[in-house]
Every structure is written in structure tokens, then in C-alpha cells.
Amino acid sequence: MEKQVGLTRAIIALILNIVLWPGLGSVVGGRIKVGIIQMVTYIIAVFMFAIPITVSAIVDISTVYSIVAIVGVVAMITIFIWGIITGVKIIKESKQ
């Protein structure tokens, strides 16, 4: 079981997950392992999106790179939602 935090810290954790970086708020909210996984996977997803888009501006790329970029976007959205869900759970647990 993760350590329980106060309501103020839980709200800050949710805001960090939404505004700054999915996973950062999870770490602040006491969910270290989940937060680190969220942060690392989000970075990977950003690179999956950014590298093909950047390369396509320079040279013509194949469909595979386009698919990688799309998968990166879907992963970023999924991790963002996961961060919001984690933040809401932290708030709910802080009220108990």
C-alpha cells in the first residue's frame, strides 16, 4: 500500500500530472513506482512521436515511421489519462 498524503498534497499531485508531466504528480503523491513508470513511458512516447515527425520534415519517410508517430500519440494520450486517474485515486485516498 502506498503512503497516504494530505488533501492539499493530493490536489497538487493531480495538478502536476495534468499540467506538467504525467507521473510527476504520482511521485509527489507517494506513488513512486507508478510515477516513475508513467514518466519514463511518457518520454518514450514523446520520442516515438517527435523523431518521425522531425525526420519527415527533412526527408520523405515510409509509412512505418508514420505508424510509429501515431502509436506515440496514442501512448501519450493513454499515459496522460493514466496520470489523471492516479491523481484522482490519490485524492480519494487522502479523504479517507
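If you take the beta carbon distance between Ile84 and Thr63 as r and set R0 to 30 Å, what does 1/(1 + (r/R0)^6) give as a FRET efficiency, to the nearest 0.05?
Working: r = 32 Å, r/R0 = 1.06.
With a Förster radius of 30 Å, E is 0.40.
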Q: Calculate, for Val71 and Ile15, the FRET efficiency according to 1/(1 + (r/R0)^6) with r their C-beta to C-beta distance and R0 25 Å; round to the nearest 0.05.
A: 0.35
Q: Calculate how steeply helix 7-19 sits against the longest principal axis of the alpha-carbon atoms of the chain, using the helix alpha-carbon long axis, and give the answer as 0 to 90 degrees to the nearest 10.
A: 10
Q: Report, in deg cm²/dmol and to the nearest 500, the calculated mean residue ellipticity at 222 nm for the chain, where each DSSP H run with n ≥ 4 adds -39500 (n - 2.57) and the sum is divided by the residue count.
A: -27500 deg cm²/dmol
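Only the coordinates and a few stated rules stand behind these numbers; no lab work does. As the structure is a computational prediction, the values presented were derived from the model and not from experiment. Positions of Cβ are generated from backbone atoms using ideal geometry, with glycine treated the same way; all protein chains shown enter the neighbour counts.
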